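Here's the structure, in structure tokens; my notes come after.
The values are calculated or read from the model by the stated rules, or taken from the named source; none is laboratory data. Since we're looking at a predicted model, the values are computed, not measured. As a convention, Cβ positions derive from the backbone with ideal geometry for all residues, glycine included, and neighbour counts pool all protein chains shown. Only protein heavy atoms, including side chains, enter the accessible area calculation; ligands, DNA and RNA are left aside. Shrake-Rupley method; radii C 1.70, N 1.55, O 1.52, S 1.80 Å.
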Amino acid sequence: MADADPAFPTTNAQEVAAKPNTLRRRLLTGIGAAVLIAGVGYGGWYALVGSHYISTDNAYVGADSASVTPMLAAQVTTVAVSDTQQVRKGDMLVQLDDRDARVALAQAEAELAKARRQYGQTSATSAALAAQVQARDADIARARAQLVSAQADYEKARVDLARRQRLAPNGAVSGEELTTAANAFASAKANLDLARAGVAQAASTRGAATGELAANNALISGTNANSAPEVLAAQAKVVAAKLDLERTVIRAPIDGVITRRNVQVGQRVAPGAQLMLIVPVAQLYVDANFKEGQLAKVQVGQPVTLKSDLYGGSVEYHGKVVGLSGGTGSSFALIPAQNATGNWIKVVQRLPVRVALDPRELQAHPLRVGLSMDAEIDISKN
């Protein structure tokens, strides 16, 4: 048999050579179709579902912790709690030395008693001054009676002297008798002047007594032993002293867990010094830092689904958006970023979004401040 001409291959060889090309085309076509279907599927999913949610893993648990500080300077006698201890509102945390406060309270109470006694003395003084005014009225009446008597004596002495002076030229009255009448007249006139001065003095004395009575009455007018200004001031000092005594026992202002305790027995503390923090673990929230391009449709009240790195994906928390921060994190940095030279590369900024958590879920699965969270907001809900 003659060999086949290599320039003219047989039909079988052509078919064998065409098969890899067909398979390649089919494979590429399948891959393209799969990619197209996946793209269409993702586009449909994003349009129907994905576009309704925004998410971030840049979220952290926070809390409005209570700082425990003393209100007065004193030495610490007892520290009743330690770090990580759970406390309830009103529980005693620290006891300060209360001896100085007790002394101050005793002094304030003594001042209050003194003020009330002084008010009583002032009231009694008013009664005494009123009696003095009445006595001065009697003095005036007596002085006026003496004046009337002195005037009568003066008129009698004047008439007697005038009669004797008329008879003296005829020798009917002796010189001695005339002298006696003149002396009697002078004495009567002096007594009249004295009586008039007595009336004026009695009136002046009554005026002074009336003024003292008015001044004393002004101190107690419209008041009693409990409403007098001096008594009220002393009562305020007693209240302040009682507050200082109560403040020697420092109590928990909220429910929570003790952290950062830095006070020891025997230490002298100053007002405002931080002794410890109380973290309200039942009232935690999450600050989720979303990119600025994600926030166009975020509104207060939208539901949020969260997961914690502590428990993994098996535990979900549900909350809602309660507010957006007034500025980005970088804008409130200690040294904010500046670009005065114009050599600037745009960096996407993040804005904290405050998310409130369900207290029942927190109770079932407790969290702690600073833990990482994944947050997803349903922006389709308004």
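Of all lysines in the structure, those lying under 18 Å Cα to Cα from LYS189, and not within fewer than 8 positions of it along the same chain, are LYS156. When the trypsin sites (Lys or Arg not before Pro) in the range 29-133 are filtered for DSSP coil states and for at most 13 other beta-carbon atoms within 10 Å of their beta-carbon, the remaining sites are ARG88, LYS89. Taking the protein heavy atoms of the chain in the context of the full set of protein chains, the accessible area attributed to carbon and sulfur is 56 percent at 1.4 Å.
By the rule of a C-alpha distance below 20 Å, with chain neighbours fewer than 8 residues away ignored, the aspartates and glutamates paired with LYS291 are ASP57, ASP374, GLU376, ASP378. Taking the chain as a Gaussian network of alpha-carbon nodes connected by springs under 10 Å, the highest mean-square fluctuation of the residues GLN86, GLN146, GLN349 belongs to GLN146. Using a Gaussian network model on the chain with a 10 Å cutoff between Cα atoms, which of GLN283, GLN201, GLN264 fluctuates the most? The residue that fluctuates most here is GLN201.
Taking a straight Cα-Cα cut-off under 18 Å and skipping sequence neighbours fewer than 8 places away in the same chain, the lysines within cross-link reach of LYS307 are LYS320. Amide H to amide H, with H built 1.01 Å from N, VAL94 comes under 5 Å of ALA80, ILE250, counting only residues 5 or more places away or on other chains. How high is the relative contact order of the range 282-322, in percent, with contacts defined as C-alpha pairs under 8 Å that are six or more residues apart? Contact order relative to length: 36 percent. Amide H contacts under 5 Å for GLN349: GLU292, restricted to partners 5 or more places along the chain or on a different chain, H placed in the peptide plane at 1.01 Å from N.
3J(HN,Hα) along the range 368-381, derived from phi through the Karplus expression 6.51 cos²θ - 1.76 cosθ + 1.60 where θ = phi - 60°, amounts to 9, 4, x, 5, 7, 9, 9, 10, 9, 9, 8, 7, 7, 8 Hz, with x in place of Gly and Pro. When the alpha carbon coordinates of the range 163-256 are projected onto the principal axes, the ranges are 126, 22, 12 Å, largest first.
Based on C-alpha pairs under 8 angstrom that are at least 6 apart in sequence, the chain has a relative contact order of 30 percent. Normalised per residue, the accessible area of the chain is 63 Å², obtained with a 1.4 Å probe and no contribution from ligands, DNA or RNA.
Residues whose amide H comes within less than 5 Å of that of GLN302, counting only those at least five positions distant or on another chain, are VAL321 (H built at 1.01 Å from N in the peptide plane). When only Cα pairs below 8 angstrom with a gap of at least 6 residues are kept, the range 26-131 shows a relative contact order of 17 percent.
Dimensions of the range 74-181 along the principal axes, based on C-alpha atoms and rounded to the nearest Å, stand at 131, 22, 12, largest first. Between (i) 18.3; (ii) 19.7; (iii) 52.2, which entry matches mean projected area of the Cα convex hull in nm² as derived from the coordinates of this structure? Evaluating mean projected area of the Cα convex hull in nm² on these atoms matches (iii).
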